[in-house]
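Below: one structure, written as structure tokens.
The values are calculated or read from the model by the stated rules, or taken from the named source; none is laboratory data. Source: prediction; values computed, not measured. So basically every Cβ, Gly included, is an ideal-geometry build from the backbone, and we count neighbours across all protein chains shown. Heads up: the accessible areas ignore ligands, DNA and RNA and are worked out on the full protein's heavy atoms, side chains in. Shrake-Rupley method; radii C 1.70, N 1.55, O 1.52, S 1.80 Å.
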Amino acid sequence: MPTDSKIPSSHPSLTHTSMPSVSPTGMPSVSPTRMSSSVPSVFPSSSPSETLSEVPSLSPSSMPSAIPTVKLSSLPTSKPSLYPSGGPTAYPTFKPTETISSSPSAKPTATPSAMTSSTPTKEPSKTPSSNPTRTPSSMPSHIPSFLPSTIPSYSPSYYPTSDPSSTPSASISISPSFIPTTTVYRKCGMNEDDRIVEMRNILNTVSDPDMLLDTGTPQNRAFEWITQIDPYTSCPQDANLIQRYIMAVFYFSTGGGYWRECNAPTNPNDVVEVNEKNKQCGIRATDNSYSDAWLTPSNECLWGGLACDNMNIIRIQLGDDGLRGSLPTELQHLDSLQYLLLEDGRILGSIPSEYGILSKLRVMDFNYNLLSGTVPTELYSLPQLEQLDLNDNFLEGTISPLIANLQNLEFLQLHRNYLLGTIPEAFGLMRNLRLLELHGNMLSGTMPESVCQNRDDIDGLIKLTADCDDTFGFVLVECSMPECCTACYL
């Protein structure tokens, strides 16, 4: 039977008193008192009091109170309440609970919980949780989460997450992040400004630096496209950066946008338009190549009229596609290029002498264009060249004897131009030559005997033409037919 003694018992009563003792007992009661003590027990009760103490126990109870204490405990309970308090404690616990609460506390804990809350705290934690909350915080965390939220925050983080949100923010941030979360940063490992500077430094070795910055030039348009528009997002360290840039220069140099097929989409980020443009491009460089429209987000090797080997362009084939403009010198940097087929267009200007370093080039076909100037002697240094088609242009000047350096040349078409002078003896030294068409020029003199002798060889010239027709009583080139020339023209 309990009594109201002034000094507490050394052991608790089996049943509890209606009023607590003035000083706590040395050990707790089995069941708590109806009213809280003014001073807490040294050890907690096995079950919590119905009403909270003014001051918490020094050690936590195994089960939490139904209502939180006015002041926080130094350590949390081992398990959270099944239901949250009607209102959160004024201050958070120093360490989080092992399992999450269904609703957040007013202020975050100093360290994150092992598991995320279903709803975020009103104010961000100093350190983020490993996994994001299901819904965003109203304010960003100072340090980003390792994974993004499914729904974006209303305000940005001070630093970017490793991966972006699945959908963008509903409205723009009032102030930008200090470091942005961008595809450029994730892919290139640098901010946008550094990326552009490094790419410009690299491309300055490909194009004239002044042309790169001169607004409206093909080089400038290509640079702006590859750095600011292209969804492919090239990086300075990309192996195909120069190749992709050169193809963009080629596109803008030859009237891209006015080609018959494979023109670039207006908005390369518009999937519907890109797919439609791809359907309109039917040019395939080879049976195994692709036909995406130009300047689309795919790799340039998939664009119509291009073929690659080990991701290096080996073939450009855009004959009869309405090309105009001029030939860019930048093509000289395509070290693997073997076929350059651009016949039946309206390409103006001269043939760049820089093409003489394309050491793997086998076929150059520029016939039926509007090319002018002389044939660059640098082309006669191409060691693998087998076919040179330059007929039906406005080329002028003489034929250099250095053409004999093309020992692998089999087909040479120079007819219907404005070439002057005599036919060089050097043609007689080209033992692999099978076709030589020279008519429709202003060449004069006599066909060299050494050239005629090649007609007698089993593996010699099969077709040889010149302006040797004597219908009007005179000829420009003396060449007997059929003994030497296979056809004579006026």
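Of the residues making up the stretch 231-262, those that are closer than 27 Å to Arg346 by Cβ, in contact with a helix residue (DSSP H, G or I) (Cβ under 9 Å, 6 or more places away or on another chain), open to solvent by less than 20 Å² (accessible area, probe 1.4 Å) and outside any helix (DSSP H, G or I) are Thr254, Gly256, Trp259, Cys262. With respect to (1) under 53 Å from the mean Cα position of the chain (by Cα); (2) of a type outside the set (Phe, Trp, Tyr); (3) surrounded by 20 or more Cβ atoms within 10 Å (Cβ to Cβ), the lone exception for Ile462 is condition (3). Count of the stretch 316-336 residues, restricted to those that are under 23 Å from the mean Cα position of the chain (by Cα) and over 17 Å from Ala222 (Cα atoms), is 3.
Output the number of the condition that Glu224 fails; it satisfies all remaining conditions of (1) open to solvent by less than 40 Å² (accessible area, probe 1.4 Å); (2) without any contact (Cβ under 8 Å) to a residue 40 or more places away in the chain. Every condition holds for Glu224 apart from (1). Of all residue pairs spaced 6 or more apart or on separate chains, those with beta-carbon atoms under 6 Å, a first member in the stretch 411-439 that is outside any loop (DSSP other than H, G, I, E, B) and a second member that is among the β-branched types (Val, Ile, Thr) and at pLDDT 95 or above are Ala426/Ile403; Phe427/Val451; Gly428/Val451; Glu437/Thr465.
Within the stretch 265-283, the residues that satisfy the criterion of being outside any helix (DSSP H, G or I) and open to solvent by less than 20 Å² (accessible area, probe 1.4 Å) are Pro265, Pro268, Cys281. Here Asn288 clears all of (1) over 25 Å from Leu371 (Cα atoms); (2) touching a helix residue (DSSP H, G or I) at 6+ places or on another chain (Cβ under 9 Å) except the condition numbered (2).
Looking only at residues of the stretch 369-422 that are in contact with a Lys or Arg (Cβ under 8 Å, 6 or more places away or on another chain), more than 16 Å from Ser350 (Cα to Cα) and of a type in the set (A, V, I, L, M, F, W, C), we find that the one that is surrounded by the fewest Cβ atoms within 10 Å (Cβ to Cβ) is Phe411.
Of all residues in the stretch 309-324, those satisfying the criterion of being surrounded by 16 or more Cβ atoms within 10 Å (Cβ to Cβ) and either among the small types (Gly, Ala, Ser) or within 14 Å of Asn288 (Cβ to Cβ) (or both) are Ile314, Arg315, Gln317, Gly319. Please work out if Gly473 is modelled with pLDDT under 95, open to solvent by less than 30 Å² (accessible area, probe 1.4 Å) and either farther than 13 Å from Leu388 by Cβ or assigned to a strand (DSSP E or B) (or both). Taking the combined requirement at face value, the residue does not satisfy it. Within the stretch 184-216, the set of residues being in contact (Cβ under 8 Å) with a residue 12 or more places away in the chain, assigned to a loop (DSSP other than H, G, I, E, B) and over 16 Å from the mean Cα position of the chain (by Cα) comprises Val206, Ser207.
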